[in-house]
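Structure record follows, encoded as structure tokens.
Just so you know, all these numbers are worked out from the coordinates, no wet-lab data involved. Being a predicted model, the structure only gives us computed values, none of them experimental. Cβ placement follows ideal geometry from the backbone for every residue including glycine, while neighbour counts extend to all protein chains displayed.
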Amino acid sequence: MSRGRGQPPDLLHHLLLCNGASFLNRLPRSHFCNQRPARHRRHTSLGSKSDFPNATANYSNRQLENIATRWVLDPHPRIRVGEVPRVARVFEVVQKLSRIHSCFAEYRIHSGATKPPRIINPLMPSPFTPQRVVCLQPSATLTMRDLGLLDRVVACTKYCADVCPEASDGSRLIVSDSWTAQAAQILAAKPDLVLASVPYQLEAVSEILKAGTRFMALAPRTLADIYTDIVAIAGILGVLEQGEQVVANMRATIEDVRARCITTGDKPRVFCEEWGKPIIASQPWVAELIEIAGGTFVGQPGKTLPAEDIAQLQPEVLLAAWCGAGDRVPLEKIVEQRHWSGLPAVRAHRVFCINDELLNTPATSLIGGLRAIAWALHPDQFPKPAGIRQIVDL
Ligand code: B12
């Protein structure tokens, strides 16, 4: 039985995280790998990965699969290695029973039932955690994937499937997004939670409300908003720690790119658009990514502005990522139509199309967008990543 999905943080987990290093140092790993009788091996683990070499590796990754073993060993280093499997097994059983008990107790309080429910999943923090989630934008589906919860997604949009190929395995209903949502489609998926995000149309919001289901409506603007959204989704689904971890990993990667983009020279002026007719400057989170990559975002994020005003800003780099257009922004055409051939960016051939999902999906996919921007601004410093196209023949 694997620890993880749906399981609440516990005191034990925190204890282990605090003193894990000392435990690893003390462990005579060879005893576990080679000398322990095979019949005991499966008893030392609460996790599905029960052989010790794997468990040790997982522990280094802080995934904490072998809870019972560590719990026993860490505070009691005098327990002989040969005794560990049995002692660990006892703790394992106690821990599992206590989870089953707390689930049942909670069920009884809420339902008034006196008999146990027919099915109890002891790994769930409560029987009321949402299990059937409809995702109305790719950012929601990607976040579910990052949290390891794709199996709870019962319906998503065709754009979700594009951005998160794992979601398009044929097992989910495909519904309209929060731009064009329809109550009947949502209801057909029998959800207990609808996750939606920008962009919205008011009619679509009213359709979502008509479905009468729990509805979490996200409207991020900044990177900080996106981090909070990820943690909020994780919280509502009972996997708060995974949410914190996803955000920590995302932030660490962003900081790594930031450190590699620090330059002493002038920062290039960068204009980036999320739509072409009318021209809409990209979202505030894209402006942040450009700053992180060592550029200066010109224009006002998320606002419409005419081509002449952009020309006045004299951008040295032009980026385009039109919503839903993939990498198909007709760069040559727009430069011509907007009379932009004299712009510094065009003269220096620094005009790029970035796959729109890399910049327009407020989720971990933005890391790909940041790598694309970093390459556009520092082509000598980074290998060319996937998802960016440069126009050279202008
Ligand atoms: C701007 C825009 C975006 C912006 C939205 C910004 C925003 N805050 O709304 C961003 C860049 C985030 C975006 C993303 C995407 N988009 Co877009 N987008 C558009 C565009 C150009 C305009 C939409 C618009 O008018 N937004 C309103 C904005 C500009 O107003 P705002 O005041 O800044 O934002 C406020 C509203 O969102 C408001 N709000 C309004 N109603 C509600 C309701 C609730 C409940 C809440 C909380 C907030 C809220 O809160 C915001 C803050 O005040 C349309 C095309 C068009 N013709 O209009 C495509 C369009 C809607 N997008 C589209 C697509 C495909 C996408 C993406 C799926 C692309 C992708 N591959 O990732 C993503 C989805 C993002 C996600 N969450 O995963 C398609 C939808 C296709 C369809 N269903 O028919 C369109 C039609 C473009 C197309 N190709 O045809 N998009």
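Placing unit charges on the Cβ atoms only, positive for Lys and Arg and negative for Asp and Glu, gives segment 242-359 a dipole magnitude near 240 debye about its Cα centre. Mean projected area of the Cα convex hull of segment 133-244, taken over all directions, amounts to 6.1 nm².
Contact order for segment 133-244, expressed relative to its length and based on alpha carbon pairs under 8 Å spaced 6+ residues apart, stands at 24 percent. For residue 175, the residues whose amide H sits under 5 Å from its own are 156, 157, 158, ignoring neighbours fewer than 5 places away on the same chain, with H placed 1.01 Å from N. Here's the picture: charge each Lys and Arg Cβ at +1 and each Asp and Glu Cβ at -1 in segment 279-394, and of 305, 383, 353 the one pushed furthest to the positive end of that dipole is 383. Per-residue Karplus couplings for segment 327-342, computed as 6.51 cos²θ - 1.76 cosθ + 1.60 with θ equal to phi - 60°, are listed in order as 10, 9, 6, x, 4, 4, 5, 5, 4, 5, 5, 8, 6, 9, 5, x Hz, Gly and Pro entered as x. Backbone geometry of segment 297-310 corresponds, through the Karplus equation with coefficients 6.51, -1.76 and 1.60 at θ = phi - 60°, to 3J(HN,Hα) couplings of 6, 9, x, 10, x, x, 10, 7, 8, x, 4, 5, 5, 5 Hz, x marking Gly and Pro. 3J(HN,Hα) couplings calculated from phi for segment 136-152 with the Karplus curve 6.51 cos²θ - 1.76 cosθ + 1.60 (θ = phi - 60°) are, in sequence order, 9, 8, x, 4, 5, 5, 4, 5, 4, 4, 4, 7, x, 10, 4, 5, 8 Hz; Gly and Pro show x. Descending by average beta-carbon neighbour count within 10 Å, the peptides 243-249, 271-277 line up as 271-277, 243-249, the highest first.
The protection proxy used here, the mean number of other Cβ atoms lying within 10 Å of each residue, ranks peptides 292-301, 219-228 as follows, highest first: 292-301, 219-228. The amide H of residue 153, built 1.01 Å from its N in the peptide plane, has 133 as neighbours under 5 Å, considering only residues 5 or more places off or on other chains. Proximity of backbone amide H atoms, modeled 1.01 Å from N, is registered between residue 282 and 272, 273, 274, 302 at under 5 Å, excluding neighbours fewer than 5 places apart on the same chain.
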